[in-house]
Amino acid sequence: MESFNTEMEKKSIPIFFIVGRPRSGTTLLRTLFDAHPHVLVPPECQFIVNLYPKYRKVRNWTPKKLKIFYRELNKQWLFELWPLEKEHLLDSLMKCEGENDFSTICKAVYQEYQSVFEHENILALGDKNPGYTIYTEKLLKIFPDAKFIHIIRDYRDNFISIRNVDFELPFISLTTAKWKIFVKRFRKVAERHPGTHIEIRYEDLAADPEKQFEGLCRFLKLPYSSIPFGFYKKGEQARKMYPEEILKKYQSSLFKKISTDKIGLWKDQLNKIEIKSGDATAGKYAELCGYERKYLRPSIWIRLRILPGQCFASLLSMATKLIDTFPYRLRIAILIKAPWVMGRIYLSIFNRKKLKEVSLAAKKNPH
C-alpha cells in the first residue's frame with residue numbers, strides 16, 4: 001500500500017476512469033494499469049456515484065460524519081471484495097476531519113487499496129466501472145480534472161461473452177442496443193469536454209497491447225512502463241485475494257497472457273438470425289466504431305424481431321435516470337431485480353420456449 005506524504009498530495013493526485021460495456025476488456029485495462037508501478041486501480045465498486053447525492057454538499061467533515069460515511073461505504077455492493085485493512089481505512093478517513101470535499105474523501109478510500117502488484121510513487125488513481133459510462137459528466141463535476149478511457153468491443157463478440165455469464169438477459173438486440181446507447185452517451189459528453197475522453201477498441205488492444213497502452217499512458221500523462229505486461233505472473237496471489245467462484249465464473253482468463261483468441265468468435269458461435277439481429281440493431285454505429293456488418297439491409301421481419309430488445313434497452317435507460325433520484329438501497333434493489341422481471345414478462349409474451357430455458361438455467365445456477 002502506497003501512502004501519500006501530505007494532504008495536498010491526496011487532493012491533487014489525478015484520477016481517471018475506465019468505462020465501457022461489461023465483457024468488453026475493462027478488467028484487462030484495469031489490470032494493466034494496476035500493474036503499472038505508479039498507478040493504483042482498485043476493483044469495481046460504484047460508491048462514488050451512489051454516495052455522491054448524500055455527501056456532495058458536505059464541506060466540513062466531522063468525526064461523526066466520517067464514521068457514517070465509513071459505515072455506508074462498507075455496505076456498498078462489491079466493496080467487500082476490496083483487499084484492504086478496514087481499521088486502517090477508518091483511521092485514514094478520520095484524518096480527513098475538517099475542510100474537505102467529497103472527491104478528497106473518495107481518494108482517501110482509494111489509497112487504502114492493497115494491490116497484488118508492487119508500487120512506488122503513485123502518480124494517478126484509476127477506477128474501473130462499466131456502469132460509469134453513462135455518468136462521465138457527473139463524475140467531471142466531482143473530479144473536474146478527471147479523464148476517461150472508453151473501451152469498446154465488437155457488439156457480436158460482446159454478446160457472446162455476456163451470454164456466457166449471468167450479467168444480462170441473453171438477447172442480442174438488447175445487449176447491442178445497450179452497446180449503442182453507451183457509445184452515443186460517451187461520445188456526446190466527449191464532444192462537450194474535449195481532451196478528457198478517449199476511446200479504444202478491445203481488438204486493437206489485444207492485437208498490439210504495447211502500442212495501445214503507450215498511447216493511453218500519454219493521454220494520462222504517465223510514464224510508459226512495460227512492467228504491466230507481466231501481470232499474469234501474479235495469478236496465484238490474486239486467487240488468494242478473491243473468492244474462487246468469482247474468478248472462475250467471471251474472470252477465468254484474467255491472469256493469462258493477452259491474446260487475440262477472443263476476437264471474431266461470433267463468426268462461428270452465432271446463427272444467421274442472431275448476426276442479422278445484431279447488425280440491424282447496431283446500424284451505422286457498427287462502422288462508426290470500426291466494425292463491419294455482415295448484413296446491411298435488414299428485412300421487415302428482422303426489424304420487428306429486434307424491436308422489443310431496442311425498446312427494452314431504451315426503457316431501462318430512461319428508468320435509470322429516474323431511479324438515480326431514489327435512495328441508494330431502493331435504487332440498487334430495483335436495478336438488480338427490474339431487468340429480470342421485465343425480461344421474464346417479455347419472454348412470457350414473445351418467447352415462452354426461451355423463458356423455460358432461462359428459468360431452468362436459473363434453478364441450476366442460483367445466486
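The values are calculated or read from the model by the stated rules, or taken from the named source; none is laboratory data. Predicted model, so just to flag it, every value in this text is computed and none were measured. When we count neighbours, we look across all protein chains shown, and the Cβ atoms used for this are built from the backbone with ideal geometry, even at glycine.
Can you tell me which residues in region 285-307 are buried (at least 17 other Cβ atoms within 10 Å of the Cβ) and within 23 Å of residue 207 (Cα to Cα)?
The answer is 285, 286, 289, 291, 293.
From (1) within 21 Å of residue 255 (Cβ to Cβ); (2) buried (at least 17 other Cβ atoms within 10 Å of the Cβ); (3) without any contact (Cβ under 8 Å) to a residue 60 or more places away in the chain, pick out the condition that doesn't hold for residue 78.
Residue 78 satisfies all of (1) within 21 Å of residue 255 (Cβ to Cβ); (2) buried (at least 17 other Cβ atoms within 10 Å of the Cβ); (3) without any contact (Cβ under 8 Å) to a residue 60 or more places away in the chain except (2).
Matching residues to (1) out of contact with any strand residue (DSSP E or B) (no Cβ under 9 Å at 6 or more places or on another chain); (2) over 28 Å from residue 263 (Cβ atoms); (3) surrounded by fewer than 18 Cβ atoms within 10 Å (Cβ to Cβ); (4) modelled with pLDDT of 95 or more:
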| position | (1), (2), (3), (4) |
| --- | --- |
| 283 | yes, no, yes, yes |
| 309 | yes, no, no, no |
| 320 | yes, yes, yes, no |
| 327 | yes, yes, yes, no |
| 336 | yes, yes, yes, no |
| 340 | yes, yes, yes, no |
| 343 | yes, yes, no, no |
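Looking at region 10-25, which of its residues are hydroxyl-bearing (Ser, Thr, Tyr) and modelled with pLDDT under 95?
Hit for region 10-25 is 12, nothing else.
Of the residues 173, 115, which is part of a loop (DSSP other than H, G, I, E, B) and in contact (Cβ under 8 Å) with a residue 24 or more places away in the chain?
Answer to the selection: 115.
Does residue 66 satisfy the criteria of being surrounded by 23 or more Cβ atoms within 10 Å (Cβ to Cβ) and hydrophobic (A, V, I, L, M, F, W, C)?
Details: surrounded by 23 or more Cβ atoms within 10 Å (Cβ to Cβ): no; hydrophobic (A, V, I, L, M, F, W, C): yes.
In short, no.
Taking residue 224 as meeting all but one of (1) among the aromatic types (Phe, Trp, Tyr); (2) touching a residue at least 12 places away in the same chain (Cβ under 8 Å); (3) assigned to a loop (DSSP other than H, G, I, E, B), write down the number of the exception.
(2)
So which of 173, 115, 103 ends up being more than 17 Å from residue 25 (Cα to Cα) and outside the structural domain of residue 31 (by TED's automatic domain parsing)?
Answer to the selection: 173.
One residue is enough: does region 105-114 have a residue meeting the conditions among the polar types (S, T, N, Q), within 28 Å of residue 56 (Cβ to Cβ), surrounded by 20 or more Cβ atoms within 10 Å (Cβ to Cβ) and modelled with pLDDT of 95 or more?
Checked against the condition, which is being among the polar types (S, T, N, Q), within 28 Å of residue 56 (Cβ to Cβ), surrounded by 20 or more Cβ atoms within 10 Å (Cβ to Cβ) and modelled with pLDDT of 95 or more, region 105-114 yields no hits at all.
Against the conditions (1) at pLDDT 95 or above; (2) in contact with a helix residue (DSSP H, G or I) (Cβ under 9 Å, 6 or more places away or on another chain); (3) surrounded by fewer than 19 Cβ atoms within 10 Å (Cβ to Cβ), where does residue 250 fall short? Just the number, please.
Only one criterion in (1) at pLDDT 95 or above; (2) in contact with a helix residue (DSSP H, G or I) (Cβ under 9 Å, 6 or more places away or on another chain); (3) surrounded by fewer than 19 Cβ atoms within 10 Å (Cβ to Cβ) is unmet by residue 250, namely (1).
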